[in-house]
Every structure is written in structure tokens, then in C-alpha cells.
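Reading through the C-alpha cells given below for one structure.
The values are calculated or read from the model by the stated rules, or taken from the named source; none is laboratory data. Just so we're clear, the structure is a prediction, and the values are computed from it rather than from any experiment. In this analysis, Cβ positions are derived from the backbone assuming ideal geometry, glycine residues included, and neighbour counts consider all displayed protein chains.
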Amino acid sequence: MRLIFKQMPFSKIIYFSFGLFLTGLGLVGVIIPGLPTTIFMILAAACFFRSSARMYNWVINHPLFGESVLRFRSGEGMPIKAKYTSIIMMWFFILTSIFFFLHSHALWIKTIIALSGFIGTAFILRQPTFKKV
């Protein structure tokens, strides 16, 4: 492993390290309900694209999430079911956090969480809708 990092420029080491971190989060998301997998793997693929062809190919050829990652990176977007599911799950966890877990916390924290949800929702809705042929 040391030999690999010796030959890589510093920026590639950062991208590779961040890609490994995101891959770890994505793989945990396979097991834990509510934690997304695909978005972490999309971000990991972007990092590996800039640092490691071998890891990038592993992500885009993976049987579980590879097709979704490749479709998103090629600009084809998300299936409509994935859009609805991700928005519903996102808002379920946002509202649960705001009203049950953070009910006694400062209003500014709840506002930041809600604004982040609106930004995430807008991002998802702006993605092209993938239609199966």
C-alpha cells in the first residue's frame, strides 16, 4: 500500500482516501435501513474516477449498485420510483428528527435541517427521470 501512495500525486491520494470513506458509508447503507447506498457510491465513483481506474471499475460494475451509479454519471438520471422513494424517506427522517428527537433544541438547528431537506428535494426533482425501454 505504501508503494501505491508513493507513486500517486497528493491530490490523487486525497481523492482515493475520500473514495474509500464514501465506499464504506455506501456499504454500511446496504445493511442499515434509512442510510442511502447509491448516493455514497456515486460520490465514491467520482473520487475514484480521479484517482483509481481499478476502484472506479469495481464501483460501476458492481451487481448491486453499479447500474444506478453508471446511469447517474452518464446523465440518464433516476427512475421515478427511486425519486419518490428517496424524497419520502428523506422527509420521513427529517420530520422525525425535527419533531421527536430535536423537539427541545434550538430553532436554528431545525431550520438548517429543513432547508437542507428542501435543497435535497430540489436536487432530486431536477434530475432527469430514467425510463426503462
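Are any of the residues in the range 97-112 aromatic (F, W, Y) and surrounded by 12 or more Cβ atoms within 10 Å (Cβ to Cβ)?
no
When residues of the range 108-127 are filtered for being touching a residue at least 24 places away in the same chain (Cβ under 8 Å), aliphatic (A, V, I, L, M) and closer than 10 Å to I94 by Cβ, how many remain?
0
Please enumerate the residues belonging to the range 13-45 that are more than 17 Å from P63 (Cα to Cα), in contact with a Leu (Cβ under 9 Å, 6 or more places away or on another chain) and either part of a helix (DSSP H, G or I) or of a type in the set (F, W, Y) (or both).
Listed by number, the residues that qualify are F18, G19, L22, L25, L43.
How many residues are in contact (Cβ under 8 Å) with a residue 12 or more places away in the chain, closer than 16 Å to I39 by Cβ and not hydroxyl-bearing (S, T, Y) when one looks only at the range 84-107?
Looking only at that region, the number is 6.
Considering the range 46-58 alone, what residues qualify as being among the basic types (K, R) and either crowded, with 16+ Cβ neighbours inside 10 Å or not in a loop (DSSP other than H, G, I, E, B) (or both)?
The answer is R54, and nothing else.
Scan (1) surrounded by 16 or more Cβ atoms within 10 Å (Cβ to Cβ); (2) at pLDDT 90 or above; (3) outside the structural domain of G19 (by TED's automatic domain parsing) for the single condition A122 breaks and write down its number.
For A122, the exception is condition (1).
Just give me the residues in the range 7-55 being touching a helix residue (DSSP H, G or I) at 6+ places or on another chain (Cβ under 6 Å) and among the hydroxyl-bearing types (S, T, Y), in sequence order.
Y15, T23, T37, T38, S51, S52, listed by residue number.
Please list, ordered by residue number, the helices (runs of 4 or more DSSP H) wholly in the range 59-133 having 1 or more residues that are in contact with a Gly (Cβ under 6 Å, 6 or more places away or on another chain).
80-96
Can you go through F48, F40, F65 and tell me which one is touching a Phe, Trp or Tyr at 6+ places or on another chain (Cβ under 8 Å) and either in contact (Cβ under 8 Å) with a residue 60 or more places away in the chain or not assigned by TED's automatic domain parsing to the domain that holds I119 (or both)?
F48
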